[in-house]
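Here the structure comes first, spelled out in C-alpha cells, and everything after it is commentary.
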Amino acid sequence: MTDSSDRRARRRAETIAEILDIALDVMAEEGVAGLSLAAVARRLGVRPPSLYKYFASRHAVYDALFRRGQEGYLDAVRQAAGGREPGLATMGACLEAGARWIMANQVTAQLLFWRPVPGFQPSPEAYAPALAVHEHFAALIRAAVERGELHPDAAGEDGLALAAALIAGLVSQQLANEPGATYEEGRFTRQVPRLSAMFAAIYPPP
C-alpha cells in the first residue's frame, strides 16, 4: 500500500511539474497575463476539466509558479553566499547570482517582480520564500554594518528598500530593453557588480 501511495504521489508531483513547465511556455508566447488553462490542457493532452484535479484555478497555477520561482531565486542567492564571510562582498556576489538567475528565468521573473496579472496576489505560503530572500539580504547588510563596511542606517527600513530598488531597477531595465542579451552583454546587468560599492557610497561607514 505504501509503495502504491508513493507511486501515486510521485506521478502527481511529476504531472504538476509538467503543468507548470507548460504554463511557462504559454506565458512566454502569450505574455504572463495571457495564461490559458485550456492551452495548457491541450498541450498536456488532456481535457481542461482534468487540470482541476491539480489546480483549482488559473490563479492557483500562478501561485505555484510564484512559489517555485521564489524558491529558485532564494536557492541561487543562498548558494552564492555559501562558504563566504557575511558582509558587503558576499552581498555583491548574491546580487550577481540573483541577477543571473533572473536573466535565465525571465518569464518567471516577470511574475515575481512585476505585477503583470491583474488581481493576482500570492498566497502567504507562496510568498514565504520572498520573505526569506529579504531576510537573506538584510542579514548580509547587518553583517556589513558590524564589519564597519556600512553605516548603521543601511540596515534600516529605508536602506533595505534602497538596496532592493537598486537591483530591481537594473534588472527591470534589462528585461524591458534587452531581454535577449546575456548577463555579460546587457548594458544594465553589466552594472550589477558595481551595486555594492554604490550602496556603500550612499551609506559610508561612520
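The values are calculated or read from the model by the stated rules, or taken from the named source; none is laboratory data. This is a predicted model, so every value here is computed, not measured. Here Cβ is always computed from backbone atoms with ideal geometry, including for glycine, and neighbour counts include all displayed protein chains. Protein only, heavy atoms only, side chains kept; ligands, DNA and RNA dropped before computing areas. Shrake-Rupley method; radii C 1.70, N 1.55, O 1.52, S 1.80 Å.
Results, tabulated for the structure shown:
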item: Checking residue 84 against (1) open to solvent by 30 Å² or more (accessible area, probe 1.4 Å); (2) touching a residue at least 24 places away in the same chain (Cβ under 8 Å); (3) touching a Ser or Thr at 6+ places or on another chain (Cβ under 8 Å); (4) not hydrophobic (A, V, I, L, M, F, W, C), the condition it does not meet; result: (2)
item: Residue in the stretch 49-56 that is open to solvent by less than 20 Å² (accessible area, probe 1.4 Å) and modelled with pLDDT under 95 present; result: yes
item: So residue 8, is it open to solvent by 20 Å² or more (accessible area, probe 1.4 Å), in a helix (DSSP H, G or I), touching a residue at least 24 places away in the same chain (Cβ under 8 Å) and out of contact with any helix residue (DSSP H, G or I) (no Cβ under 9 Å at 6 or more places or on another chain); result: no
item: Test for residue 157: is it at pLDDT 95 or above and either touching a His at 6+ places or on another chain (Cβ under 7 Å) or surrounded by fewer than 19 Cβ atoms within 10 Å (Cβ to Cβ) (or both); result: yes
item: Residues located in the stretch 139-162, provided they are of a type in the set (Gly, Ala, Ser), in contact (Cβ under 8 Å) with a residue 40 or more places away in the chain and assigned to a helix (DSSP H, G or I); result: 139, 143, 144, 154, 159
item: Per-region count, the stretch 11-48, residues open to solvent by 60 Å² or more (accessible area, probe 1.4 Å), touching a residue at least 12 places away in the same chain (Cβ under 8 Å) and under 22 Å from the mean Cα position of the chain (by Cα); result: 3
item: Residue within the stretch 59-80 that is open to solvent by less than 60 Å² (accessible area, probe 1.4 Å) and touching a Cys at 6+ places or on another chain (Cβ under 7 Å) present; result: yes
item: Long-range neighbours under 7 Å by Cβ, at least six apart or interchain, first residue farther than 12 Å from residue 172 by Cβ and open to solvent by less than 80 Å² (accessible area, probe 1.4 Å) within the stretch 102-131, second among the acidic types (Asp, Glu) and modelled with pLDDT of 95 or more; result: 122/63; 123/63; 126/63; 129/71
item: Verdict on residue 180 being open to solvent by less than 40 Å² (accessible area, probe 1.4 Å) and free of Cβ contacts under 8 Å to residues at least 12 places away in the same chain; result: no
item: Breaking point among (1) more than 30 Å from residue 57 (Cα to Cα); (2) more than 16 Å from the chain's Cα centre (by Cα), for residue 176; result: (1)
